[in-house]
1. For the chain, list the DSSP H helices whose alpha carbon atoms reach 30 Å or more along the long axis and whose average Kyte-Doolittle value is 0.0 or above?
2. What share of all Cα pairs of segment 2-108, in percent, falls into each consecutive 5 Å distance bin?
3. At LEU10 and LEU95, where each label point lies 7 Å from the Cα along Cα→Cβ, what is the point-to-point distance in nanometres?
Amino acid sequence: MADLKKIGQLLVLLGGIVGLLFGILIAMNMGFVLLPGVGLVGFIGSLVTGVILILLSLIVLATSGAVNIPALKFDNNWIVLLILGILMYIFGGDLGAILVIIGAILYVVK
């Protein structure tokens, strides 16, 4: 069962990186949508959505321990990662958000 936790950590790490890339693309107004979600319209809307997605992805990476940002680091428990994954999905994280959510669920399995 320790293997599932390692797979969950890897999925959270990959989800944070993919979410960061999606956030950069959305902020530059070059984003693409794989799955339906809430999106703001226009240049300002895409800029705000991209910045929020970048911040959420940095929080996911800091929580998983991949990036050392003390101000953004939370306890590495599954409920925080699950909430962050849901928020990433709402703000257009698509594939990265799905990976974070699956990784957070694998944290629970013992």
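1. Numbers: long enough: 2-27 (37 Å, 1.78); 42-64 (33 Å, 2.30).
Length and hydropathy pass: 2-27, 42-64.
2. In order of increasing distance, the bins hold 2, 16, 26, 24, 16, 10, 4, 1, 0, 0 percent.
3. 1.7 nm
Any read-out appearing in this document is the output of simple, stated calculations on the displayed coordinates, not a laboratory observation. Just so it is clear, the model here is predicted, and its values are computed rather than measured. Here Cβ is always computed from backbone atoms with ideal geometry, including for glycine, and neighbour counts include all displayed protein chains.
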